[in-house]
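One structure below.
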Amino acid sequence: MAENVTSLFRSTAAHSPSMAALTRESDGAGPVDFCIPCNPYFPTPAMFDDLAGRLREIITYYPSSADTITAELCNLLQLPPQCVAMGNGSTELITWIDHLLVRESLAIPVPTFGRWTDQPMETGKRVDMFPLQESSGFALDLAQYAEFIRARGTRVAVICNPNNPDGGFVPRQSLIQFMDAMADLDLIVIDESFLEFADAENEPSVVEDAVMRPNVIVLRSLGKNFGLHGIRFGYLVANPALAGKVRSMLPKWNLNSFAETVVFMLKEHGAEYLESLHMVRRDRLDMARQLSALPGLTVYPSQGNFLFVRLPVGAEGTVVRDRLLTEHRILVRECGNKIGSSSRFLRLVVRPQVDVRRLVSGLEQVLYGTRRGAAVPELSTGTSYSSGTAAVDRLVGETNGAGMPGLAAQAAAMPSLAPAPAPVQNPYPAQSPYPTPAPAAMPAPAPVPAPAMPAPAPMPYAAPAAAMPGMAPAPTAPMPGMAPAPAAGLAAVAQTGMPGLASAAQNNRRGMGAAQGLTAAQVRGRTQPEPTPEPTGWPAAGAMYNQVG
């Protein structure tokens, strides 16, 4: 039986096997789940009882149209419906973004969510993978990322905030500066699928900024923060032309009746939802403290509902994963099949304290035997995955990142033989931390948008507040064809992508273990002081979704 269960992992490419598959292979009893990043506190038991009582009606009848469900969600979040497209999970939206808006190339920091690397390559696009360095705690340096994009000539840029699997966070103002500096790109996607778990800033979302720009999409998940991965629903926010282009391609009934039922229930459960986010953030802090006490285990600060950890020297992730599952019935996400990561890393979902104690106990036995000490040097017996950024460098060097079917699987199996990539030389003037477009590459100023962008009619760049319910006015976006002036205060961004941090504070992003100790700010990955208590009521988009407490 144990061999049947662990063999499921060897037959998957970029993801772990489903909970249903694991349950079928383990006598109908699923493991304690530290793998799937789901909110364990929402919906509440009473909400599940309500759903169970309406099960027959829910699964018998067609749902309403996506427009009806989207309108209800927008009413809840105080978003204009014309700026929103709901999909059957964020993966459906990523697929349509790739098909409709990515013409030739896409840049993405790695490691990250696998669909951002695999989807464009499957449709023949070039994927320019920007390696996040373990030596800097996988922190994203936005200035270096911008240099990389300019040097490669990439036309679409993606940033996951927080990033999956490491939980790295980029402050909102830094993202706004990046969007301004990259205003000439075909598209910028900010994937905020895990942002509602963040508490580093009071208002971390760039949703309001996205609708004012011609080339920005913000992607958001509902399954993760609502604890309902099985209900495939998510949404994107963009200016009406971009959102409408994606929305027009979606099937009329792409959202199911469970999604409709949950969306229409939410307005009665705002307080419970806010409390669930508080509990996840509290558990994240406690879980990081407990894990950092394990000898040799490195815990990276995270703003997601998961923690990225590096196993002690000599511990092989696939062996640790299999033994935790078969000996302790604990499911973890081993990250060896994520491009830019290796099997020395696990992503562990934040769970209640009683489950964390079980996880810590299981790790102690698997890593150290019956006592805490040096890790047991138990190597894998045949599973060969990517072992870090050298594999990314070799992939890009040999193929120039050219997309082709099956290339993602080849990258995952590539051995780590190539040397670390040399720093990209900035071919552009250095008066700003962000490289500006070369003059020849800039389109001439014109009253119409660049050819790659749909003609916005109407565009809400300077719409009055009354026309955008629940949304504060934002500065007018840079017009296509005009190079934006660099914002002030970017010197720190050029170093870390996180302005306002001193050199000592920059090291807080690096993983820390028991020897150094973890402060609350380090575990949370904070960039600002502790926020004020959160008001009651549903977190509306006008309030940036999740004012924290």
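Of note:
- Heavy-atom SASA rank of Asp186, Asp50, Asp67 (probe 1.4 Å, accessible area, largest first): Asp67, Asp50, Asp186
- Against the criterion of solvent-accessible heavy-atom surface with a 1.4 angstrom probe, Lys338, Lys245 sort, most first, into Lys245, Lys338.
- Dipole magnitude (debye, nearest 20) for the stretch 48-135, charges at Cβ of Lys, Arg, Asp, Glu: 160
- Heavy-atom accessible area with a 1.4 Å probe sorts Arg321, Arg351, largest first, into Arg351, Arg321.
- Where the stretch 40-190 is the region considered: accessible area per residue in Å², 1.4 Å probe: 32
- Distant-in-sequence amide H partners of Leu307 (H built 1.01 Å from N, under 5 Å): Leu348, Val349, Val350
- Anchor Lys338: lysines whose Cα lies under 30 Å away (excluding residues fewer than 8 positions away in-chain): Lys125, Lys224
- In order along the stretch 193-209, the phi-based Karplus estimate (6.51 cos²θ - 1.76 cosθ + 1.60, θ = phi - 60°) of 3J(HN,Hα) comes to 4, 10, 5, 5, 8, 7, 9, 6, 9, 5, 10, x, 7, 9, 4, 4, 6 Hz; Gly and Pro are listed as x.
- Karplus-derived HN-Hα couplings along the stretch 335-340 (A = 6.51, B = -1.76, C = 1.60, θ = phi - 60°), whole Hz, x at Gly and Pro: 9, x, 9, 9, 4, x
- With every protein chain in place, the stretch 74-123: carbon and sulfur % of accessible area (1.4 Å): 45
- Positive-end residue of Met279, Ala293, Leu266, charge dipole of the stretch 262-323 with Cβ unit charges: Ala293
- The accessible surface of the stretch 218-311, taken with every protein chain in place and a 1.4 Å probe, is 57 percent carbon and sulfur.
- The accessible area of Glu92, taken with all protein chains in place and a 1.4 Å probe, comes to roughly 40 Å².
- Amide proton proximity set for Gln133, modelled H, under 5 Å, gap of 5+: Phe138, Ala139
- Each of Ser248, Ser174, Leu228 was scored by the projection of its Cα onto the charge dipole of the stretch 154-258, and the greatest displacement toward the positive side belongs to Ser248; charges sit on the C-beta of Lys, Arg, Asp and Glu.
- Note, ³J(HN,Hα) from phi for the stretch 138-150, Karplus 6.51, -1.76, 1.60, rounded to Hz, x at Gly and Pro: 6, 6, 8, 8, 5, 5, 5, 4, 5, 4, 4, 5, 5
- Placing a label point 7 Å from the Cα of Glu57 along the Cα-to-Cβ direction, the residues of the stretch 234-269 whose backbone N falls under 18 Å from that point are 256-269.
- Length added when fully stretched, Thr326-Ala71, from 0.36 nm per residue minus Cα-Cα: 87.2 nm
- Amide H within-cut-off set for Gln78, under 5 Å, with H built and near neighbours excluded: Ala541
The values are calculated or read from the model by the stated rules, or taken from the named source; none is laboratory data. Being a predicted model, the structure only gives us computed values, none of them experimental. Cβ: placed from backbone, ideal geometry, glycine included. Neighbour counts: every protein chain shown. Protein only, heavy atoms only, side chains kept; ligands, DNA and RNA dropped before computing areas. Shrake-Rupley method; radii C 1.70, N 1.55, O 1.52, S 1.80 Å.
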